[in-house]
Amino acid sequence: MFSKRRELFNSRLLEDIKLGRVDEDIIDILLMFNNLEEYYTTSSCSGRISIHKDRVYEDKRKHVVLFKIHEPPKENELTDCLIEMLSDHEFLWIKVSGFIIHVITNHLENAIALAKLVRRCGIKDICIRPIGNNEWLIVLKSPYNLSTPLSIDVIDSQYVNILVKETVKLLRMAKTEIKLFKLCLTELISAMKKLSYYD
């Protein structure tokens, strides 16, 4: 039943928070969603930079993630990391991912209401789809994303420096976006009695 799954995922989230498994800057947002009676969240991320050995558009199960960080690093640290990895691997992918939040509800009307709510906070990349058990998944995504290949044969230090600078800048923008989202969401939720208030 939905209520039991909701209780299970809420308990799991609280345990993961205690163990430090949840990105700190997304905790408040997840708790806000989970405090709404007809919703619960599953695996979510506040944004990160990652370096992959394999092509990021291929099967995720085959990915080899060589490096990942959830906070904007110092540019020289990321540059040194990239150069070192390129000396060991001929081909890499570097990827910036803004936040992604997965929310589940038990009615399509609830999913639509949530989508309308987050759009008031400027979130436009929203996907709603059925997932079985009479439940609906709402995926909220940041627009700040980048994915590009790197090869030791076709790049130079100047290109790496430019790429690193833009990569770190993009993650900083994504982190700013999630802070603004949290502030907006806090104001909207505190101003309403029920999510269905918005039509």
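Values in this text are rule-based calculations from the coordinates and carry no lab data. Predicted model, so just to flag it, every value in this text is computed and none were measured. Heads up, the Cβs are rebuilt from the backbone with ideal geometry, glycines too, and the neighbour counts pull from every protein chain shown.
Annotations
- Potential extension, Asp125-Phe67 segment - 0.36 nm per residue separation minus Cα distance: 18.2 nm
- Close amide H contacts of Ser147 (hydrogens built in the peptide plane, cut-off under 5 Å, sequence separation of 5 or more or a different chain): Val96.
- Burial ranking of peptide ranges 13-22, 115-124 (average Cβ count within 10 Å, highest at the top): 115-124, 13-22
- Rg [Å, one decimal], Dmax [Å, integer] - the chain, C-alpha atoms: 18.9, 59
- FRET efficiency, 1/(1 + (r/R0)^6) with R0 25 Å, evaluated for Asn134 and Glu187 via beta carbons: 0.20
- Amide H contacts under 5 Å for Gly47, placed H, 5+ residues apart: Ile100
- Net charge dipole size for the chain [Lys, Arg +1 and Asp, Glu -1 on Cβ; Debye, nearest 20]: 700
- In order along the range 78-86, the phi-based Karplus estimate (6.51 cos²θ - 1.76 cosθ + 1.60, θ = phi - 60°) of 3J(HN,Hα) comes to 5, 4, 4, 5, 5, 4, 5, 5, 5 Hz; Gly and Pro are listed as x.
- Ellipticity estimate at 222 nm from DSSP helix runs (n ≥ 4, -39,500 (n - 2.57)) divided over the chain, nearest 500: -15000 deg cm²/dmol
- The Cα center of the range 1-17 and the Cα center of the range 21-37 differ in position by 12 Å.
- Dipole of the range 100-180, positive direction: furthest Cα of Tyr144, Ala174, Cys121, with charges on the beta-carbon: Cys121
- Just checking the listed ones, Val103, Val160, Val168: in the Gaussian network model of the chain with Cα springs under 10 Å, the one fluctuating most is Val160.
- Kirkwood-based Rg to Rh ratio, the range 98-195, C-alpha trace: 1.14
- When the C-alpha to C-alpha distance is required to be over 22 Å, the pairs from Lys18/Lys124; Lys124/Lys165; Lys68/Lys116; Lys74/Lys182; Lys18/Lys95; Lys124/Lys182 that qualify are Lys18/Lys124; Lys124/Lys165; Lys68/Lys116; Lys74/Lys182; Lys18/Lys95.
- Shown in residue order for the range 134-146 are the 3J(HN,Hα) couplings computed by the Karplus curve 6.51 cos²θ - 1.76 cosθ + 1.60 at θ = phi - 60°: 6, 10, 10, 9, 10, 10, 10, 10, 7, x, 8, 9, 8 Hz (x for Gly and Pro).
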